[in-house]
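Student: Just dropping this structure here.
The values are calculated or read from the model by the stated rules, or taken from the named source; none is laboratory data. Remember, predicted model here, so these are calculated numbers, not experimental data. Here the Cβ positions follow ideal geometry from the backbone for every residue, glycine too, while neighbour counts run over all protein chains shown.
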Amino acid sequence: MSDLMNLKEAIVNGKLEEAKAIVNEALEAGVNEQEIINNYLIKGMEEIGERFDQGKAFVPNLLLAARAMKGCLEILKPRLKDGSGASLGTLVIGTVKGDLHDIGKNLVASMLEGCGFEVINLGVDISDSQFVDAVRKYNPQIVCLSALLTTTMSYMKKVIDTLTNEGLRQKVKVLVGGAPVSEEFAIQIGADGYSSNANGAVILAKRILGKC
Ligand code: B12
(Lines give C-alpha, C1' and ligand atoms only; values in the text may rest on other atoms or scores of the structure.)
Protein backbone atom coordinates (compact mmCIF):
# COMPACT_ATOMS: atom_id res chain seq x y z
CA MET A 1 0.00 0.00 0.00
CA SER A 2 2.68 2.49 -1.05
CA ASP A 3 0.06 5.00 -2.26
CA LEU A 4 -1.22 5.62 1.28
CA MET A 5 2.18 7.12 2.03
CA ASN A 6 1.32 9.82 -0.53
CA LEU A 7 -1.98 10.77 1.11
CA LYS A 8 -0.50 13.24 3.57
CA GLU A 9 1.37 14.98 0.73
CA ALA A 10 -1.77 15.04 -1.41
CA ILE A 11 -3.58 16.87 1.42
CA VAL A 12 -0.68 19.27 1.96
CA ASN A 13 -0.60 20.04 -1.77
CA GLY A 14 -4.39 20.31 -1.99
CA LYS A 15 -4.70 17.57 -4.60
CA LEU A 16 -8.34 16.64 -4.12
CA GLU A 17 -8.74 13.96 -6.79
CA GLU A 18 -5.44 12.29 -5.94
CA ALA A 19 -6.31 12.27 -2.22
CA LYS A 20 -9.76 10.80 -2.87
CA ALA A 21 -8.32 8.10 -5.13
CA ILE A 22 -5.80 7.09 -2.46
CA VAL A 23 -8.51 6.95 0.21
CA ASN A 24 -10.73 4.77 -2.00
CA GLU A 25 -7.85 2.46 -2.76
CA ALA A 26 -6.90 2.20 0.91
CA LEU A 27 -10.48 1.36 1.88
CA GLU A 28 -10.61 -1.34 -0.78
CA ALA A 29 -7.41 -2.75 0.65
CA GLY A 30 -9.12 -2.90 4.06
CA VAL A 31 -7.36 -0.02 5.82
CA ASN A 32 -9.29 1.22 8.85
CA GLU A 33 -11.12 4.57 8.47
CA GLN A 34 -9.74 5.94 11.76
CA GLU A 35 -6.21 5.10 10.69
CA ILE A 36 -6.70 7.03 7.46
CA ILE A 37 -8.07 10.05 9.34
CA ASN A 38 -5.60 10.11 12.22
CA ASN A 39 -2.40 9.02 10.50
CA TYR A 40 -2.71 10.76 7.14
CA LEU A 41 -5.50 13.35 6.83
CA ILE A 42 -4.98 15.15 10.16
CA LYS A 43 -1.21 14.90 9.77
CA GLY A 44 -1.53 16.61 6.38
CA MET A 45 -3.55 19.47 7.87
CA GLU A 46 -0.99 19.81 10.70
CA GLU A 47 1.80 20.01 8.14
CA ILE A 48 0.13 22.72 6.04
CA GLY A 49 -0.64 24.60 9.28
CA GLU A 50 3.05 24.54 10.21
CA ARG A 51 4.05 25.71 6.73
CA PHE A 52 1.53 28.56 7.05
CA ASP A 53 3.04 29.48 10.42
CA GLN A 54 6.51 29.58 8.87
CA GLY A 55 5.38 31.74 5.95
CA LYS A 56 5.96 28.85 3.53
CA ALA A 57 2.26 28.45 2.68
CA PHE A 58 -0.53 30.99 2.20
CA VAL A 59 -4.31 31.19 2.56
CA PRO A 60 -5.00 29.71 -0.94
CA ASN A 61 -2.83 26.71 0.02
CA LEU A 62 -4.88 26.29 3.21
CA LEU A 63 -8.11 26.43 1.22
CA LEU A 64 -6.94 23.79 -1.23
CA ALA A 65 -5.74 21.53 1.59
CA ALA A 66 -9.06 22.03 3.40
CA ARG A 67 -10.99 21.13 0.22
CA ALA A 68 -8.96 17.94 -0.21
CA MET A 69 -9.48 17.01 3.46
CA LYS A 70 -13.24 17.60 3.17
CA GLY A 71 -13.47 15.52 -0.01
CA CYS A 72 -11.80 12.60 1.77
CA LEU A 73 -14.01 12.98 4.85
CA GLU A 74 -17.11 12.81 2.60
CA ILE A 75 -15.96 9.37 1.46
CA LEU A 76 -15.18 8.21 5.00
CA LYS A 77 -18.17 9.70 6.82
CA PRO A 78 -20.82 7.09 5.82
CA ARG A 79 -18.42 4.31 6.74
CA LEU A 80 -17.98 5.65 10.29
CA LYS A 81 -21.61 4.85 11.09
CA ASP A 82 -22.03 1.83 13.37
CA GLY A 83 -25.19 0.63 11.64
CA SER A 84 -27.08 -0.21 14.84
CA GLY A 85 -29.70 2.49 14.13
CA ALA A 86 -30.18 3.32 17.82
CA SER A 87 -29.24 6.87 18.86
CA LEU A 88 -27.14 7.41 21.99
CA GLY A 89 -28.44 10.97 22.25
CA THR A 90 -28.75 14.25 20.37
CA LEU A 91 -26.06 16.88 19.99
CA VAL A 92 -26.02 20.30 18.39
CA ILE A 93 -22.63 21.40 17.06
CA GLY A 94 -21.38 24.60 15.44
CA THR A 95 -18.40 26.89 14.95
CA VAL A 96 -19.03 30.13 16.81
CA LYS A 97 -19.75 33.54 15.30
CA GLY A 98 -16.92 35.19 13.39
CA ASP A 99 -15.16 31.90 12.76
CA LEU A 100 -15.27 30.04 9.45
CA HIS A 101 -13.05 27.06 10.31
CA ASP A 102 -15.04 23.85 10.05
CA ILE A 103 -12.73 20.94 9.30
CA GLY A 104 -12.14 19.96 12.93
CA LYS A 105 -15.77 20.63 13.85
CA ASN A 106 -16.96 18.43 10.98
CA LEU A 107 -14.54 15.73 12.02
CA VAL A 108 -15.94 15.82 15.57
CA ALA A 109 -19.49 15.70 14.12
CA SER A 110 -18.65 12.75 11.87
CA MET A 111 -17.03 10.81 14.70
CA LEU A 112 -20.00 11.44 17.00
CA GLU A 113 -22.42 10.36 14.26
CA GLY A 114 -20.27 7.34 13.55
CA CYS A 115 -20.41 6.37 17.21
CA GLY A 116 -24.21 6.49 17.30
CA PHE A 117 -25.20 10.04 18.24
CA GLU A 118 -27.72 12.09 16.32
CA VAL A 119 -25.80 15.23 15.34
CA ILE A 120 -27.35 18.51 14.25
CA ASN A 121 -24.51 20.34 12.51
CA LEU A 122 -25.36 24.05 12.39
CA GLY A 123 -22.30 25.01 10.34
CA VAL A 124 -19.98 27.97 10.85
CA ASP A 125 -20.34 31.58 12.07
CA ILE A 126 -23.15 30.60 14.45
CA SER A 127 -24.49 33.27 16.80
CA ASP A 128 -25.62 32.76 20.39
CA SER A 129 -29.27 33.18 19.34
CA GLN A 130 -28.87 30.52 16.62
CA PHE A 131 -27.55 28.09 19.26
CA VAL A 132 -30.48 29.00 21.51
CA ASP A 133 -32.99 28.46 18.66
CA ALA A 134 -31.40 25.09 17.89
CA VAL A 135 -31.60 23.98 21.53
CA ARG A 136 -35.31 24.89 21.61
CA LYS A 137 -35.96 23.18 18.27
CA TYR A 138 -33.96 19.94 18.64
CA ASN A 139 -33.90 19.51 22.42
CA PRO A 140 -30.32 18.13 22.50
CA GLN A 141 -28.58 16.83 25.62
CA ILE A 142 -25.28 18.37 24.53
CA VAL A 143 -24.17 21.52 22.69
CA CYS A 144 -20.68 21.43 21.13
CA LEU A 145 -18.89 24.70 20.39
CA SER A 146 -15.85 24.96 18.14
CA ALA A 147 -13.45 27.91 17.68
CA LEU A 148 -10.10 28.09 15.89
CA LEU A 149 -9.28 31.74 16.41
CA THR A 150 -8.12 33.42 19.61
CA THR A 151 -10.43 36.27 18.62
CA THR A 152 -13.53 34.04 18.49
CA MET A 153 -12.94 31.66 21.40
CA SER A 154 -14.30 34.24 23.87
CA TYR A 155 -17.61 34.07 21.98
CA MET A 156 -18.06 30.59 23.51
CA LYS A 157 -18.63 32.29 26.87
CA LYS A 158 -21.26 34.51 25.26
CA VAL A 159 -23.09 31.41 24.00
CA ILE A 160 -22.98 29.84 27.48
CA ASP A 161 -24.16 33.09 29.10
CA THR A 162 -27.03 33.42 26.63
CA LEU A 163 -28.08 29.81 27.27
CA THR A 164 -28.13 30.69 30.98
CA ASN A 165 -30.11 33.90 30.45
CA GLU A 166 -32.65 32.04 28.32
CA GLY A 167 -33.13 29.44 31.08
CA LEU A 168 -31.67 26.62 28.98
CA ARG A 169 -28.29 26.04 30.64
CA GLN A 170 -29.60 23.39 33.06
CA LYS A 171 -31.03 21.39 30.16
CA VAL A 172 -27.83 20.98 28.15
CA LYS A 173 -24.20 20.18 28.75
CA VAL A 174 -21.73 22.32 26.81
CA LEU A 175 -18.53 20.88 25.32
CA VAL A 176 -15.89 23.13 23.81
CA GLY A 177 -12.90 22.55 21.55
CA GLY A 178 -10.64 23.89 18.83
CA ALA A 179 -6.92 24.55 18.57
CA PRO A 180 -6.67 27.61 20.89
CA VAL A 181 -9.06 26.18 23.52
CA SER A 182 -7.73 24.49 26.67
CA GLU A 183 -9.08 22.64 29.67
CA GLU A 184 -8.34 25.70 31.81
CA PHE A 185 -10.24 28.00 29.42
CA ALA A 186 -13.18 25.57 29.37
CA ILE A 187 -13.42 25.68 33.18
CA GLN A 188 -13.01 29.46 33.19
CA ILE A 189 -16.01 30.01 30.87
CA GLY A 190 -18.20 27.48 32.66
CA ALA A 191 -18.24 24.73 30.01
CA ASP A 192 -18.88 21.12 31.06
CA GLY A 193 -16.03 19.58 29.11
CA TYR A 194 -13.12 20.04 26.73
CA SER A 195 -11.22 17.76 24.42
CA SER A 196 -8.33 18.44 22.08
CA ASN A 197 -9.54 15.92 19.52
CA ALA A 198 -12.50 14.13 17.96
CA ASN A 199 -11.94 10.82 19.74
CA GLY A 200 -11.91 12.63 23.07
CA ALA A 201 -15.14 14.40 22.14
CA VAL A 202 -16.88 11.04 21.68
CA ILE A 203 -15.57 9.75 25.03
CA LEU A 204 -16.73 12.93 26.78
CA ALA A 205 -20.19 12.80 25.20
CA LYS A 206 -20.62 9.15 26.16
CA ARG A 207 -19.45 9.83 29.71
CA ILE A 208 -21.84 12.77 30.11
CA LEU A 209 -24.78 10.66 28.93
CA GLY A 210 -23.71 7.66 31.01
CA LYS A 211 -23.12 5.51 27.91
CA CYS A 212 -19.56 4.43 28.75
C1 B12 B 1 -7.38 25.31 7.27
C2 B12 B 1 -7.22 26.64 7.96
C3 B12 B 1 -7.94 27.72 7.45
C4 B12 B 1 -8.97 27.57 6.31
C5 B12 B 1 -10.28 27.01 6.94
C6 B12 B 1 -11.02 26.11 5.98
C7 B12 B 1 -12.16 25.39 6.67
N8 B12 B 1 -13.17 25.11 5.89
O9 B12 B 1 -12.13 25.09 7.84
C10 B12 B 1 -9.11 29.06 5.84
C11 B12 B 1 -8.13 29.31 4.71
C12 B12 B 1 -10.51 29.47 5.38
C13 B12 B 1 -8.63 29.81 7.07
C14 B12 B 1 -8.93 31.14 7.26
C15 B12 B 1 -8.39 31.87 8.28
N16 B12 B 1 -7.47 31.47 9.19
CO17 B12 B 1 -7.00 29.58 9.45
N18 B12 B 1 -6.17 27.95 9.69
C19 B12 B 1 -6.33 26.79 9.09
C20 B12 B 1 -5.35 25.75 9.69
C21 B12 B 1 -4.14 25.64 8.76
C22 B12 B 1 -5.85 24.36 9.92
C23 B12 B 1 -7.13 24.24 10.77
C24 B12 B 1 -7.62 22.82 10.65
O25 B12 B 1 -8.51 22.53 9.85
N26 B12 B 1 -6.98 21.89 11.38
C27 B12 B 1 -7.27 20.46 11.26
C28 B12 B 1 -8.41 20.07 12.20
C29 B12 B 1 -8.64 18.56 12.08
O30 B12 B 1 -8.00 20.39 13.52
P31 B12 B 1 -8.84 21.35 14.49
O32 B12 B 1 -9.62 22.32 13.68
O33 B12 B 1 -7.93 21.88 15.53
O34 B12 B 1 -9.90 20.38 15.15
C35 B12 B 1 -9.57 19.35 16.05
C36 B12 B 1 -9.51 19.79 17.52
O37 B12 B 1 -9.24 21.17 17.69
C38 B12 B 1 -10.82 19.34 18.09
N39 B12 B 1 -12.01 20.20 18.01
C40 B12 B 1 -12.34 21.14 17.10
N41 B12 B 1 -13.55 21.63 17.37
C42 B12 B 1 -14.02 21.00 18.47
C43 B12 B 1 -15.21 21.13 19.18
C44 B12 B 1 -15.43 20.35 20.30
C45 B12 B 1 -16.68 20.49 21.07
C46 B12 B 1 -14.43 19.43 20.73
C47 B12 B 1 -14.63 18.64 21.96
C48 B12 B 1 -13.24 19.28 20.01
C49 B12 B 1 -13.04 20.07 18.89
O50 B12 B 1 -11.10 18.16 17.38
C51 B12 B 1 -10.71 18.36 16.01
C52 B12 B 1 -10.38 17.03 15.40
O53 B12 B 1 -9.38 16.34 16.10
C54 B12 B 1 -5.00 26.44 11.06
C55 B12 B 1 -3.62 26.09 11.64
C56 B12 B 1 -3.69 25.11 12.76
N57 B12 B 1 -2.55 24.53 13.03
O58 B12 B 1 -4.70 24.87 13.38
C59 B12 B 1 -5.12 27.92 10.69
C60 B12 B 1 -5.44 28.95 11.77
C61 B12 B 1 -6.49 28.43 12.74
N62 B12 B 1 -5.98 30.07 10.99
C63 B12 B 1 -5.59 31.22 11.41
C64 B12 B 1 -5.95 32.46 10.84
C65 B12 B 1 -5.25 33.69 11.37
C66 B12 B 1 -6.90 32.55 9.81
C67 B12 B 1 -7.41 33.81 9.13
C68 B12 B 1 -7.66 35.01 10.05
C69 B12 B 1 -6.40 34.12 8.01
C70 B12 B 1 -6.61 35.37 7.23
N71 B12 B 1 -5.63 36.24 7.36
O72 B12 B 1 -7.60 35.54 6.57
C73 B12 B 1 -8.73 33.34 8.45
C74 B12 B 1 -9.95 33.48 9.40
C75 B12 B 1 -11.25 33.23 8.71
C76 B12 B 1 -12.37 33.16 9.74
N77 B12 B 1 -13.09 34.27 9.96
O78 B12 B 1 -12.58 32.14 10.35
C79 B12 B 1 -4.67 31.10 12.63
C80 B12 B 1 -5.36 31.47 13.93
C81 B12 B 1 -4.43 32.26 14.82
C82 B12 B 1 -5.08 32.70 16.06
N83 B12 B 1 -4.26 32.77 17.07
O84 B12 B 1 -6.23 32.97 16.18
C85 B12 B 1 -4.20 29.61 12.51
C86 B12 B 1 -3.86 28.95 13.87
C87 B12 B 1 -2.95 29.64 11.60
C88 B12 B 1 -1.80 30.44 12.20
N89 B12 B 1 -0.88 29.78 12.88
O90 B12 B 1 -1.75 31.62 12.06
N91 B12 B 1 -7.89 29.01 7.88
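Student: On the given criteria, is GLU25 surrounded by fewer than 15 Cβ atoms within 10 Å (Cβ to Cβ), among the acidic types (Asp, Glu) and within 30 Å of SER154 (Cβ to Cβ)?
Tutor: Against the criterion (surrounded by fewer than 15 Cβ atoms within 10 Å (Cβ to Cβ), among the acidic types (Asp, Glu) and within 30 Å of SER154 (Cβ to Cβ)), GLU25 does not qualify.
Student: Hey, TYR40 hits all of (1) among the hydroxyl-bearing types (Ser, Thr, Tyr); (2) within 23 Å of GLU17 (Cα to Cα); (3) modelled with pLDDT under 90 but one; which does it fall short on?
Tutor: Checking TYR40 against (1) among the hydroxyl-bearing types (Ser, Thr, Tyr); (2) within 23 Å of GLU17 (Cα to Cα); (3) modelled with pLDDT under 90, the one that fails is (3).
Student: So which residues in the range 110-139 are closer than 22 Å to LEU64 by Cα and either touching a Leu at 6+ places or on another chain (Cβ under 8 Å) or not assigned by TED's automatic domain parsing to the domain that holds VAL176 (or both)?
Tutor: So in the range 110-139, the residues closer than 22 Å to LEU64 by Cα come out as 110, 123-125.
SER110, VAL124, ASP125, listed by residue number.
Student: Considering only residues that are under 18 Å from TYR138 (Cβ atoms), charged (D, E, K, R) and away from the ligand (no atom under 14 Å from the Cβ), which ones fall in the range 166-202?
Tutor: Those that are under 18 Å from TYR138 (Cβ atoms), charged (D, E, K, R) and away from the ligand (no atom under 14 Å from the Cβ): GLU166, ARG169, LYS171.
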